[in-house]
Amino acid sequence: MVLTGVIIWFFLQAEYTVAGILLIIAATTDFFDGYLSRRLKQSTLFGSLFDIIADQILFSSSLILAMMAGLFARADGLVPLNPYLYAVPALAGVVTVLVGIGVYLWKRRTRVFEFPTPTQVAKLNFWFWLAPLVVAVLAIGPNWLLAALMYISIVSTILTFYSYLKKGSYVFTD
């Protein structure tokens, strides 16, 4: 969460290379933190939910600032409605995850049940969201690479939404 604030500051200073590198560092340390937590059997419900929320804040704030800076412009002509075709489903996914956590916590007041563990596609989805963002922020590779990663992210978001709906729908029922 602290690093998210630092990344936002660098975005606001138009220091996109530093912001992009810190974004990669934040995502990598997040991965290892979760891995070590599970491996050492130190995971808690609070830690799991906080990790998910922190991921969503890191991604969504970085995406919005990258869009405002016009860092996706090089995919114009390759992605219709650029960058919104990529950003809107991703941000809708962020909102859906946060609403799902809220509903889970609300329902958990009156009955005890497990938080649905993410499906494999859901675990990978964050990286599919992150890849085009990092490529755009760091201006890596050709324009078609950014466009291809944006399309892959869209497909991943749709598959993740479906997998969460299928697996975690019991949270929304009585």
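The values are calculated or read from the model by the stated rules, or taken from the named source; none is laboratory data. Note that the coordinates shown come from a computational prediction; the quantities given were computed from them, not determined experimentally. As a convention, Cβ positions derive from the backbone with ideal geometry for all residues, glycine included, and neighbour counts pool all protein chains shown.
Before moving on, here are some points about what is shown:
- A single member of Ala73, Ala54, Ala19, Ala66 is free of Cβ contacts under 8 Å to residues at least 40 places away in the same chain and hydrophobic (A, V, I, L, M, F, W, C), and it is Ala73.
- Subset of the range 21-52 [surrounded by 13 or more Cβ atoms within 10 Å (Cβ to Cβ) and among the hydroxyl-bearing types (Ser, Thr, Tyr)]: Ser37, Ser43, Ser48
- Residues located in the range 58-88, provided they are crowded, with 18+ Cβ neighbours inside 10 Å and within 14 Å of Ile8 (Cβ to Cβ): Leu58, Phe59, Ser60, Ser62, Leu63, Leu65, Ala66, Met67
- Of the listed requirements (1) hydroxyl-bearing (Ser, Thr, Tyr); (2) in a loop (DSSP other than H, G, I, E, B); (3) buried (at least 16 other Cβ atoms within 10 Å of the Cβ), Ser153 misses just one: (2).
- Answer from Gly70, Gly77, Gly100, Gly47 - the residue that is small (Gly, Ala, Ser), over 19 Å from Leu23 (Cβ atoms) and assigned to a loop (DSSP other than H, G, I, E, B): Gly77
- Picking from residues in the range 1-20 that are hydrophobic (A, V, I, L, M, F, W, C) and touching a Phe, Trp or Tyr at 6+ places or on another chain (Cβ under 9 Å), the one that is farthest from Asp33 (Cα to Cα) is Phe10.
- Residue count for the range 119-141, restricted to those that are over 19 Å from Ile21 (Cα atoms) and either in contact (Cβ under 8 Å) with a residue 40 or more places away in the chain or surrounded by fewer than 19 Cβ atoms within 10 Å (Cβ to Cβ) (or both): 6
- Residue within the range 75-83 that is within 21 Å of Phe161 (Cβ to Cβ), modelled with pLDDT of 90 or more, among the β-branched types (Val, Ile, Thr) and within 14 Å of the chain's Cα centre (by Cα) present: no
- Failed criterion for Pro132 (all others in (1) under 18 Å from Ser48 (Cβ atoms); (2) assigned to a helix (DSSP H, G or I) hold): (1)
Okay, residues lined up against (1) in contact with a Cys (Cβ under 7 Å, 6 or more places away or on another chain); (2) under 19 Å from Trp127 (Cβ atoms); (3) at pLDDT 95 or above:
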{"site": "Ile52", "(1), (2), (3)": "no, yes, no"}
{"site": "Ser62", "(1), (2), (3)": "no, yes, yes"}
{"site": "Met67", "(1), (2), (3)": "no, no, yes"}
{"site": "Ala90", "(1), (2), (3)": "no, yes, no"}
